[in-house]
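This report concerns only the one structure given below.
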Amino acid sequence: MLIEHINRRLLELDAAALRRRLRTAESPCAPLQSFEGELGGAPLLAFCSNDYLGLAAHPALAEAMAEGARRWGTGSGASHLVSGHMRPHAQVEALVERWFAPHIPNARALLMGSGYEANLALMTALGDGSATLFCDKLNHASLIDGARLADAEVKRYAHGALDVLERQLAACATPVKLIVTDAVFSMDGDIADLPALLKLAEAHDAWLILDDAHGLGVLGASGHGSLEHFKLRSERLISMGTLGKAAGVSGAFVAAHPAVIEWLVQRARSFIYTTAMSPAVAHTVLASLALIESAEGRERRAHLQGLIGQLRTGLQALVDQKPGWTLGESCTGIQPLIVGDNETALKLSAALRQRGIYVPAMRPPTVPVGTARLRITLSAAHTAGQVQRLLDALAQALEETR
Ligand code: PMP
């Protein structure tokens, strides 16, 4: 019965062009990536990773990983509260605390295994029965899942609709109010109006939880992320950053008021009941964060910004010729080309693949129905020539979909 049931559901996904396929990469990510069984294993020019600074295959970080494993071992062997919290974890936390000191008074940090885990931790530990969570409707799935798991009341506001949020805050009767938002939205690349959100938080005795998965490393002169970009400072800020995107490794952290961090340690089940990050990985994260704020990190961010400008100019010219297609308002490494229906997005993605370029089609439920898109992501590992190759291929694919 189970298998028949699953097969029926899978056929429904096929019929709606929503079936996804797990593909196995045979090489490191950006800019060139080859996949098992595709094009005879020939490398595709890939615009799909979140390796925004091109650090995921950086030789210095590979060296740090090897050194970390030799020195600390490959595994932590236990959860943080038992014996898995090792010196490299504490060193990363100390560095993150330094990064956030200008933005959050007395900032403390807590390292976790992934952004998904960190968001569940925040939502469930802070979102108890005394709290209301105010969530942007386009928040990342991990924040949505965390809100579902929390005991708190949950209010959702339309993307960026701060007038709606303000009314919700004014009408809220719970003692704890938490505004929850992606800092850079993962499917659109736009940046939340964090200064306005913080003002609302201050006016309504609320706190602002921001998910900076796509801002960390990319935004701010030193790559410290959205808070550096907007030069914000408040004890009401709670920032989650991921380490598997621009930082090129894996894991995540929360930076916040010391009491918030202490409460996560005591109560966040997704932090407590999981094995601590490998110390070799933590050691590598330390090297990665140092690289992000170094002169090399700055150069990589500047190169990325140049590519973003080049891509947007070219995409805008394409979109102007194609009614119904739109280019999202984004100045980050995420550049969405929104085409509407699932089939068109898939066709475009396939047409690019034939030309040796990989850009995934994003469809519901990852994005709202009717907004299927190519989610193009840029990395400092790309060259201007490669971005031009993508634009040329898109122009040809556009001719084919007329
Ligand atoms: N938040 C956002 C906005 C994300 O895009 C992602 C990853 N796609 C996550 C959280 C989860 O982070 P991680 O991959 O480290 O679990």
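Throughout, read-outs are computed from the coordinates displayed, never taken from laboratory work. No experiment lies behind these values; they were computed from the predicted model shown. As a convention, Cβ positions derive from the backbone with ideal geometry for all residues, glycine included, and neighbour counts pool all protein chains shown.
So the values come out like this:
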quantity	calculated
Proxy reagent accessibility, fewest Cβ within 10 Å first, across 72, 263, 99	263, 72, 99
Residue among 178, 114, 131 farthest towards the positive dipole end of segment 59-292, charges placed on Cβ	114
Label point at residue 174 placed 7 Å out along Cα→Cβ; residues across segment 207-236 whose backbone nitrogen lies under 18 Å	207-211
Estimated 222 nm signal from helices in the chain, with DSSP H stretches of n ≥ 4 weighted -39500 (n - 2.57), rounded to 500	-13500 deg cm²/dmol
Difference of contour (0.36 nm per residue) and Cα-Cα distance, residue 1 to residue 318	109.2 nm
Virtual spin-label span in nm between residue 15 and residue 27, 7 Å along Cα→Cβ	4.0
Dipole in debye (nearest 20) - the chain, about Cα centre, beta carbon charges: Lys, Arg +1; Asp, Glu -1	340
Per-residue Cβ neighbour rank within 10 angstrom, fewest leading, 12, 97	12, 97
Contour minus Cα-Cα distance for residue 399 and residue 98 (0.36 nm per residue)	103.2 nm
Radius of gyration and Dmax over the Cα atoms of segment 263-402, both given in Å	19.2, 58
P(r) weight above 15 Å for segment 175-267, C-alpha pairs, percent	60
Antiparallel DSSP beta bridges within the chain, percent to nearest 5	55
Diffusion coefficient, µm² s⁻¹, Stokes-Einstein with Kirkwood Rh over alpha-carbon pairs of segment 59-292 at 37 °C and 0.692 mPa s	186
Pairwise centroid distance, computed over Cα atoms, of segment 22-51 with segment 110-148, Å	32
Approximate spin-label separation residue 259-residue 355, in nm, with each point projected 7 Å along Cα-to-Cβ	5.7
Whole-Hz ³J(HN,Hα) from phi, Karplus 6.51 cos²θ - 1.76 cosθ + 1.60, for segment 183-200, glycine and proline x	7, 10, 6, 6, 9, 10, x, 7, 9, 5, 7, 5, x, 5, 5, 5, 4, 4
Alpha-carbon Rg/Rh ratio, for the chain, with Rh computed the Kirkwood way	0.97
Cut-off 14 Å between beta-carbons: net charge of the residues surrounding residue 143, Lys and Arg +1, Asp and Glu -1	-2
Loop-located trypsin sites (Lys or Arg not before Pro) in segment 134-242 whose Cβ has at most 15 other Cβ within 10 Å (DSSP)	137, 231, 233
Mean separation of Cα contacts under 8 Å (6+ apart) over length of the chain, as relative contact order %	22
